[in-house]
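Asks: Submitted below is the structure of interest, expressed as structure tokens.
The values are calculated or read from the model by the stated rules, or taken from the named source; none is laboratory data. Keep in mind the model is a prediction, meaning the values are calculated, not measured. Heads up, the Cβs are rebuilt from the backbone with ideal geometry, glycines too, and the neighbour counts pull from every protein chain shown.
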Amino acid sequence: MTTAAIIVAAGRGTRAGGEIPKQWQTLGDRPVLAHAVAAFAGRVDRIVVVVHPDDMGRAALLLGGRVTLTTGGATRAASTRAALDLLDGAGVTRVLIHDGARPLVSPDLIGRVLAALDTCPGAAPALAVTDALWTGAGGRVTGTRDRAGLWRAQTPQGFRFDAILAAHRDGPAEAADDVELARAAGLDVAIVEGEEDNLKITWPGDLARAGAILARRLTGRTAMDVRMGNGFDVHAFCEGDHVMLCGVRVPHGRGLLGHSDADVGMHALTDAIYGALAEGDIGRHFPPSDPQWKGAASEIFLSHAARLARARGYAISSVDVTLICERPKVGPHAAAMQAELARIIGIAADRVSVKATTSERLGFTGREEGIAALATATLLQG
């Protein structure tokens with residue numbers, strides 16, 4: 001089962017005031033949109049962010065390497081449709097559609113929406129209306145409305161992918177949200193418990209409200225579960241014309257010997273994540289005695305470890321990989337390795353470190369008999 005998040009941030013947000021659209025205004029230490037993206041990092045397999053064409057450069061600088069970027073349309077429905085079309089054929093089975101102007105969505109709320117999709121084709125968070133409802137004109141109350149059965153809709157709104165894609169393709173161009181399109185297509189949508197903190201930045205005062213909530217979270221946070229794990233791996237050189245290091249094919253006069261593709265860096269990092277979870281090592285989950293893993297891409301192992309961490313409620317906060325060898329030179333490829341590990345794990349590239357050192361011509365790495373790797377992973381829950 002593959003889950004994607006679509007974060008819609010292509011609007012201009014003029015009601016919120018300010019010189020730039022609300023999703024790009026600063027909340028705490030980063031833009032509103034960056035908070036929304038961070039909420040899903042490590043909890044879904046892929047993130048697509050929809051931005052206005054004028055904002056593509058800004059988005060690439062802020063989010064490059066962390067997400068897939070695409071441009072939106074004239075309406076919210078058109079923007080969401082663009083992201084759904086981009087994901088079509090990519091094996092996505094579930095999708096969460098979220099407003100980029102809701103920066104404070106919690107892991108618990110995301111989890112509730114995903115859990116509801118196990119039994120319903122659609123699910124969305126909402127809060128029951130508790131205030132009295134009036135109609136009005138000219139600054140005067142003209143009537144009342146019964147609030148029974150009324151809900152305040154929030155996002156992320158979750159759906160089985162094929163169903164919501166069909167709903168968008170067959171539905172009206174104008175819709176209040178994706179739930180409206182889903183219901184027009186005959187889909188059942190479950191209501192899950194929303195959260196007051198999951199506010200949408202709409203009016204000038206909302207940014208200050210969000211800042212106060214963020215400050216409260218940072219200063220009043222309950223105990224956080226922090227876990228760290230270490231990994232170490234070694235592979236000997238053999239005949240070949242390249243080595244796989246941290247997911248990147250690096251030309252070299254020799255290859256690395258192993259049951260899989262012998263990606264020593266990715267193996268060490270996979271073991272670091274397993275170690276933080278007290279889940280053993282790669283061999284426990286992918287026994288080398290099993291022929292199906294012969295020559296397998298090590299991305300399979302690292303992806304499994306990252307999914308296992310998410311399933312246990314942990315976000316991968318940062319990882320650090322050190323490659324130990326005389327040759328090949330890692331420096332020219334480090335940025336590509338960093339980006340590839342970030343993509344596989346589902347975290348920001350600036351939370352991934354890849355570096356190299358030599359052993360000063362000492363030992364088996366110094367004699368260029370093989371490559372060793374050390375890795376550390378930090379996981380957070382809370």
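Asks: Can you list the helices (runs of 4 or more DSSP H) lying wholly within the stretch 1-116 that have 3 or more residues being over 25 Å from ARG217 (Cα atoms) and not aromatic (Phe, Trp, Tyr)? Steps first, answer last, please.
Replies: Numbers: elements: 32-40, 56-63, 76-87, 107-116.
Passing ranges, in order: 56-63, 76-87.
Asks: Suppose we filter ALA78, ALA39 for residues that are surrounded by fewer than 21 Cβ atoms within 10 Å (Cβ to Cβ), in the same structural domain as VAL179 (by TED's automatic domain parsing) and small (Gly, Ala, Ser); which single one remains? It would help to see each step written out before you state the result.
Replies: Values: ALA39 fails: surrounded by fewer than 21 Cβ atoms within 10 Å (Cβ to Cβ).
Of ALA78, ALA39, the one residue that is surrounded by fewer than 21 Cβ atoms within 10 Å (Cβ to Cβ), in the same structural domain as VAL179 (by TED's automatic domain parsing) and small (Gly, Ala, Ser) is ALA78.
Asks: Right, something else. How many of the residues making up the stretch 40-88 are farther than 18 Å from ILE20 by Cα and in contact with a His (Cβ under 8 Å, 6 or more places away or on another chain)?
Replies: Looking only at that region, the number is 5.
Asks: Here is a follow-up. Run down ARG169, ARG102, ARG183, ARG94 and say which single residue is surrounded by fewer than 14 Cβ atoms within 10 Å (Cβ to Cβ), basic (Lys, Arg) and in the same structural domain as ALA38 (by TED's automatic domain parsing). Steps first, answer last, please.
Replies: Values: ARG102 fails: surrounded by fewer than 14 Cβ atoms within 10 Å (Cβ to Cβ); ARG183 fails: surrounded by fewer than 14 Cβ atoms within 10 Å (Cβ to Cβ); ARG94 fails: surrounded by fewer than 14 Cβ atoms within 10 Å (Cβ to Cβ).
Sole residue among the options that is surrounded by fewer than 14 Cβ atoms within 10 Å (Cβ to Cβ), basic (Lys, Arg) and in the same structural domain as ALA38 (by TED's automatic domain parsing): ARG169.
Asks: Test PHE159 against the stated conditions and say whether it is of a type outside the set (A, V, I, L, M), surrounded by 16 or more Cβ atoms within 10 Å (Cβ to Cβ), touching an Asp or Glu at 6+ places or on another chain (Cβ under 9 Å) and not assigned by TED's automatic domain parsing to the domain that holds ASP99.
Replies: Working: of a type outside the set (A, V, I, L, M): yes; surrounded by 16 or more Cβ atoms within 10 Å (Cβ to Cβ): yes; touching an Asp or Glu at 6+ places or on another chain (Cβ under 9 Å): yes; not assigned by TED's automatic domain parsing to the domain that holds ASP99: no.
No; evaluated as a whole, the condition is false for this residue.
Asks: Strands (runs of 3 or more DSSP E) wholly in the stretch 130-184 with at least 1 residues that are under 20 Å from ARG112 (Cβ atoms) - which ones? Before you say what the answer is, go through the steps one by one.
Replies: Values: elements: 133-137, 140-145, 151-153, 157-160.
Result: 151-153, 157-160.
Asks: Same structure, new question: If we scan the stretch 6-22, do we find a residue that is within 17 Å of the chain's Cα centre (by Cα) and farther than 14 Å from ILE201 by Cα?
Replies: Applying the first criterion (within 17 Å of the chain's Cα centre (by Cα)) to the stretch 6-22 yields 6-9.
When the remaining residues are screened for being farther than 14 Å from ILE201 by Cα, the result is 6-7.
Yes, the stretch 6-22 contains a residue that is within 17 Å of the chain's Cα centre (by Cα) and farther than 14 Å from ILE201 by Cα.
Asks: Just to be sure, is GLY363 over 26 Å from ALA309 (Cβ atoms), surrounded by fewer than 23 Cβ atoms within 10 Å (Cβ to Cβ) and out of contact with any strand residue (DSSP E or B) (no Cβ under 7 Å at 6 or more places or on another chain)? Write out each step before concluding.
Replies: Working: over 26 Å from ALA309 (Cβ atoms): yes; surrounded by fewer than 23 Cβ atoms within 10 Å (Cβ to Cβ): yes; out of contact with any strand residue (DSSP E or B) (no Cβ under 7 Å at 6 or more places or on another chain): yes.
Considered against the rule, which asks whether it is over 26 Å from ALA309 (Cβ atoms), surrounded by fewer than 23 Cβ atoms within 10 Å (Cβ to Cβ) and out of contact with any strand residue (DSSP E or B) (no Cβ under 7 Å at 6 or more places or on another chain), GLY363 comes out as yes.
Asks: Name the single residue, out of those in the stretch 145-156 being in contact with a strand residue (DSSP E or B) (Cβ under 7 Å, 6 or more places away or on another chain) and modelled with pLDDT under 95, that is surrounded by the fewest Cβ atoms within 10 Å (Cβ to Cβ).
Replies: ARG145
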